[in-house]
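Step one of this worksheet: look at the structure below.
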Amino acid sequence: NIWQIDLSITDSLTQLVHTILPYNFSFDEKKSRVSGLAISEINNDHWYVATGDGRFFASTDMGVSWAEALSFEAPYPHYFYGTTILPSKIDQNKVFVGGSGYSNSNIYVSFDNGKTFTPIDSGLPKTLIYKLASTDDDKFLFAATEAGPYIYSSYDNRWYPMAGTVAPDQTY
């Protein structure tokens, strides 16, 4: 389930109040716990969830109801970091999802609000994506990966390494 935490301020009391949203993403299976959650910046009604066993869900009503992408297996999460989900900043129906990609693609894009997905991994090594970010116009994506930092150009649909020869040898 998703736990929503709200700050409640009254005249005499300030407290955190939690609400457990009713949808059970795990279907009572341990590996199917929520591993990623994102909410669109341009349409707060659009929520996205990935689970530890590769399931992906989308909601267009702030998490009241959910639709599972039945023909898609999302990249698996890292056990510390989870699956990374990045809603587009310009298209309310576009969402990116990234994660482990050693035996499969590690990043996908959906143009239909999480119903179908296409891999966009050209130029990206078989690695684990920890986090995704984008420019405000979605022309460039950034991936912090176990193999280093990468940038994706929407102009030629390709990933490029950003580390060069002088970047620190570390996990990004």
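Tabulated values for the structure
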quantity	calculated
Qualifying residue in the stretch 54-62 (condition: modelled with pLDDT under 85 and of a type in the set (Lys, Arg))	no
Residue ID - nearest to the chain's Cα centre (by Cα), chosen from residues in the stretch 1-23 that are under 22 Å from Gly36 (Cα atoms) and not in a strand (DSSP E or B)	Ile2
In the stretch 82-118, the residues that are touching a Phe, Trp or Tyr at 6+ places or on another chain (Cβ under 6 Å) and within 16 Å of Ala133 (Cβ to Cβ)	Ile85, Leu86, Lys94, Val95, Val97, Gly99, Val109
Single unsatisfied condition, Phe72 versus (1) surrounded by fewer than 21 Cβ atoms within 10 Å (Cβ to Cβ); (2) over 19 Å from Leu128 (Cα atoms)	(2)
Counted residues, the stretch 24-44 - those being open to solvent by less than 60 Å² (accessible area, probe 1.4 Å) and either under 16 Å from Leu86 (Cβ atoms) or part of a loop (DSSP other than H, G, I, E, B) (or both)	8
Unmet requirement for His78, which otherwise passes all of (1) touching a strand residue (DSSP E or B) at 6+ places or on another chain (Cβ under 7 Å); (2) exposed (fewer than 15 other Cβ atoms within 10 Å of the Cβ); (3) over 14 Å from Asn113 (Cα atoms)	(2)
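Residue-wise test of (1) outside any loop (DSSP other than H, G, I, E, B); (2) open to solvent by less than 20 Å² (accessible area, probe 1.4 Å); (3) modelled with pLDDT of 95 or more.
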{"residue": "Ser103", "(1), (2), (3)": "no, no, no"}
{"residue": "Asp112", "(1), (2), (3)": "no, no, yes"}
{"residue": "Leu132", "(1), (2), (3)": "yes, yes, yes"}
{"residue": "Asp137", "(1), (2), (3)": "no, no, yes"}
{"residue": "Asp156", "(1), (2), (3)": "no, no, yes"}
{"residue": "Asp169", "(1), (2), (3)": "no, no, no"}
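The values are calculated or read from the model by the stated rules, or taken from the named source; none is laboratory data. Just so it is clear, the structure is predicted and the values come from calculations on it, not from any experiment. Positions of Cβ are backbone-derived with ideal geometry, glycine not excepted, and every protein chain shown enters the neighbour counts. Please note that ligands, DNA and RNA were not included when accessible areas were found on the heavy atoms of the full protein model with its side chains. Shrake-Rupley method; radii C 1.70, N 1.55, O 1.52, S 1.80 Å.
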